[in-house]
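The values are calculated or read from the model by the stated rules, or taken from the named source; none is laboratory data. Keep in mind that what you see is a predicted model, and the values were worked out from it rather than measured. Here the Cβ positions follow ideal geometry from the backbone for every residue, glycine too, while neighbour counts run over all protein chains shown. For accessibility, only protein heavy atoms count, side chains too; no ligands or nucleic acids. Shrake-Rupley method; radii C 1.70, N 1.55, O 1.52, S 1.80 Å.
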Amino acid sequence: MKISLDWLKDYLPSLDLGADDLSKTLLGLGLEVSGVERRGAAFSGVAAAKILSVGKHPNADRLSLCSVESGGEVFSVVCGAKNIAAGQIVPLAKPGAKLPGGRTLAKTVIRGVESHGMLCSAAELGLGSDHGGILILKPDTATGADLSSSLAKPDVVLEVEVTPNRPDCLSHLGLARELSAALSLPLKRREPAAPLKAATELKIALAVPDACPLYLGKVFSGLEIRPSPGWLCARLEAVGLRPINALVDITNYVLMDLGQPLHAFDCDKIAGGEIVVRYAKSGERLAALDGKTYDLTAECLVVADAQKPSAVAGVMGGLESSITDKTKKILLESAYFAPVAVRRTSQILRLRSDSSYRFERGTDPAAAPLAAAMAEQMIRELCGKSVQAPAEGAAGRQPSAPQPITVSAGRINEILGSDFTPAEISAALGRIAAKHSAAGNGIEFTPPTYRRDLATEWDLAEEAARLLGYGRIPARALVSAPAAASRLAPIAATILRCRARMCAAGLLEAFNQDFISEKILAAARQTEAASWARPANPLSEEGAVLRPSLLPGLLQNAALNFSRGARSVRLFEIGKTYRMENGAVIEDWRAAGVVSGAACEPFWRGALNVDYDFYRLKGVVENLLPSSAQTVFHADSGDGTPAGPGWSDLDRLFHPGQRAAAASGSGTFLGFVGCLHPQAAAAWDFGARTVCIFELDLEALSALSAGPAAKFAPYSQFPGSWRDLSVVVPKSARYAKIDKVIRAAAGENLKDVALTDVFSGKAVEAGKISMTLRLSFGRADRTLTDEEVSSAVQNLMGALEKNMGARLRGA
């Protein structure tokens, strides 16, 4: 929010801090200043001048030839504006004057006539955005007076970041209250003039009092819609608002001054002379001030007349009832709308405004009548001398006052670890309290209506620290004994291990949002929408679902990298996924990866330039397991290893013939690894690339016993023996089972088994394949004999024949 220092001094006349010191003070109060803008005159050589006469230009129909007097001199000036007349006081930029943007004015000839200067608009002087005509000054402005100081008053504008729990600071009054309490400065209160008495009562009905506890309305007639005076335009532009006309500018000024949104309706366009605050009806629509038409739902809060909605309550007015130059009679609204109702309406319509920003966070209910009185006074001053108030009305009541909080100075010091005296604490809290009493060390504190965030003794301790200074709280050790290092939770240790190992394997970590769109999930072939967890109020369709898997986001990353010219992708992510189960949202820790293309950076030795495939990625996945955990990879999850909740839909993302379910030796399901389904690959436009993916259940991994730490075993001093066997087995045989049978039958002398070749062709009968196995034998205490090795081979071949239907090739 932008805060004008000049405006702030209306409330704090004795404030004597520069921009830097003020920024530091606000930061100490929890309000960061993110930017400082210094405003002032960006021109020189511009003086007030009186127009003596306005005549036609001899050579141009759209130009005028003016005679003006400034400082006793008469100048001839060519002007193209239409709002000038003899007798007006206007800004005259004389030859040699410097204007905003570095422009230096000189005598010039315009259509054959010499012009000795220029009459200036507000925009040409950098005082506003109005290019529509010459800036007309007050009639009592002395001709010849330098305008650089009188028109462009020096000011400092601060961009203040206000936290969501402090909506009371979204105004100049709110910031002034904070500084008054922190610096012990007197706060100057506004005293509006006595209001006009209305002859009749305005009909106001609150159909939903919970959504609108209080509504004040007053009708004003006899209005003249005029441009705003210079001081009002300057203040609004200082805080980033564009002046429109006096009436609209008054509502914006009150908003920025008090933090209370107001709205003005053209009363002649309100049917039935009645105001109803209600929820919209099915099929109702509203053309809003932003030029868009919105389809309203039954959850949208509206301000309606007897026939139709006239405004989105607390958000934006309707175009049909808006103020125009022809408006003569208005209804001024000042209300307190419930934050939840405004926030829900704003999110449904995807419509936000300065008003909704404040109502959503909670305005001060007590500010509604004060804002109405302030606006009335300004309307009577700026909108003509014939303003009357024929009708007014009020409905609802003020919400209940905040409850008192009782606390002791000792308790506040205990919470903060501070040494503030009871008198200091009592005085500090007294500066922000609605009611305050102290007896001994005890303090009874009643929060003001604009501080709904103060409800407990902890809140008051924070206020005491803010106002007395966090720097005064001493740094001291709270315990004398050294703190013992805490042990990592199993899931945290698993995450750290997996991250380190995937990075060591050459994968790069990605970070995606937890929200994802239904469109992306559809591309990932995810169809179980009933199990998806959804945010109650998504910010957009792109975040309509809490991700049920990490893979769709990673596939988006991969597609983006390929579209930017990447030749390979090696990405992983560790994070939470979400699913619905029995009406509750379940969170699961997972690790996932997407790889495609080269497994490592290009190398001049071509033998190392290999691409990722299923088996290479399977090796990465195996490396994520504890060293003591035996892993089994099944061709489908139904082979004695049922997938856990939330995994059945993910299975559809994998190629049905090129994926496996990973499980522990005890049968615990761990996840999937394999190639991307062709339909999903087409959805992401991967073309002919081989894309391999995996996703693992980290919580299941963390539950696996890590076992004892690995110990080094010395190498044998004795030579080993090797045997290469080519065995013919059925095509349905799985190597994992073959490996298990061999190790069980060969005995303790077998050190390792490796699959070196798989062959199928004319030399092998139909329905079978040939596997070439390399068997390694050895002992640590002696050299094995040929008879011992042959005996082991004979035993394992017998076991393979019996259990797997295997035979030696060529036998």
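Here are some notes:
- The lone exception for residue 49 - which of (1) open to solvent by 60 Å² or more (accessible area, probe 1.4 Å); (2) touching a residue at least 60 places away in the same chain (Cβ under 8 Å) it fails: (1)
- Qualifying residues in segment 271-293 (those that are basic (Lys, Arg) and closer than 15 Å to residue 208 by Cβ) - the one surrounded by the fewest Cβ atoms within 10 Å (Cβ to Cβ): 281
- Single residue of 491, 443 found to be in contact with a Ser or Thr (Cβ under 7 Å, 6 or more places away or on another chain) and assigned to a strand (DSSP E or B): 443
- Here the condition is being touching a Lys or Arg at 6+ places or on another chain (Cβ under 8 Å), outside the structural domain of residue 232 (by TED's automatic domain parsing) and not hydrophobic (A, V, I, L, M, F, W, C); of 100, 95, 91, it holds for 95 alone.
- When residue 425 is tested against the conditions (1) within 29 Å of the chain's Cα centre (by Cα); (2) surrounded by 15 or more Cβ atoms within 10 Å (Cβ to Cβ); (3) among the β-branched types (Val, Ile, Thr), the lone failure is (1).
- Residue 199 vs. criteria open to solvent by less than 80 Å² (accessible area, probe 1.4 Å) and of a type in the set (A, V, I, L, M, F, W, C): no
- Within segment 343-368, residues that are closer than 20 Å to residue 299 by Cβ and without any contact (Cβ under 8 Å) to a residue 60 or more places away in the chain reach partners that are among the aromatic types (Phe, Trp, Tyr) and open to solvent by less than 30 Å² (accessible area, probe 1.4 Å) with beta carbons closer than 7 Å, at six or more positions or on different chains, in the pairs 349/294.
- Inspection of segment 5-23 finds no residue satisfying the criterion of being outside the structural domain of residue 165 (by TED's automatic domain parsing), acidic (Asp, Glu) and either touching a residue at least 60 places away in the same chain (Cβ under 8 Å) or farther than 22 Å from residue 168 by Cβ (or both).
- The selection criterion, being closer than 23 Å to residue 369 by Cα, at pLDDT below 95 and either buried (at least 23 other Cβ atoms within 10 Å of the Cβ) or over 28 Å from the mean Cα position of the chain (by Cα) (or both), does not hold for residue 325.
- So residue 712, is it within 60 Å of the chain's Cα centre (by Cα) and crowded, with 19+ Cβ neighbours inside 10 Å: no
- Selection status of residue 192, open to solvent by 40 Å² or more (accessible area, probe 1.4 Å), part of a loop (DSSP other than H, G, I, E, B) and within 30 Å of residue 16 (Cα to Cα): yes
- Test: residue in segment 296-307 that is of a type outside the set (D, E, K, R), at pLDDT 95 or above, touching a Cys at 6+ places or on another chain (Cβ under 9 Å) and open to solvent by less than 30 Å² (accessible area, probe 1.4 Å): yes
- Residue in segment 750-759 that is assigned by TED's automatic domain parsing to the domain that holds residue 778, open to solvent by less than 30 Å² (accessible area, probe 1.4 Å) and part of a loop (DSSP other than H, G, I, E, B) present: no
- Selection from segment 249-278 of residues that are part of a strand (DSSP E or B) and among the small types (Gly, Ala, Ser): 264
- Verdict on residue 797 being touching a strand residue (DSSP E or B) at 6+ places or on another chain (Cβ under 9 Å), open to solvent by less than 40 Å² (accessible area, probe 1.4 Å), part of a helix (DSSP H, G or I) and assigned by TED's automatic domain parsing to the domain that holds residue 735: yes
- Residue check, residue 98 in contact with a Phe, Trp or Tyr (Cβ under 9 Å, 6 or more places away or on another chain), open to solvent by 50 Å² or more (accessible area, probe 1.4 Å) and not in a loop (DSSP other than H, G, I, E, B): yes
- Test for residue 334: is it under 21 Å from residue 210 (Cα atoms), among the polar types (S, T, N, Q), out of contact with any Leu (no Cβ under 6 Å at 6 or more places or on another chain) and modelled with pLDDT of 95 or more: no
Here is a yes/no grid of residues against (1) touching a Cys at 6+ places or on another chain (Cβ under 6 Å); (2) under 29 Å from residue 699 (Cα atoms); (3) touching a residue at least 12 places away in the same chain (Cβ under 8 Å):
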residue	(1), (2), (3)
565	no, no, no
568	no, no, yes
580	no, yes, yes
589	no, yes, yes
595	yes, yes, yes
599	no, yes, yes
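- Residues of segment 562-576 satisfying the condition of being crowded, with 19+ Cβ neighbours inside 10 Å and in a helix (DSSP H, G or I): 562
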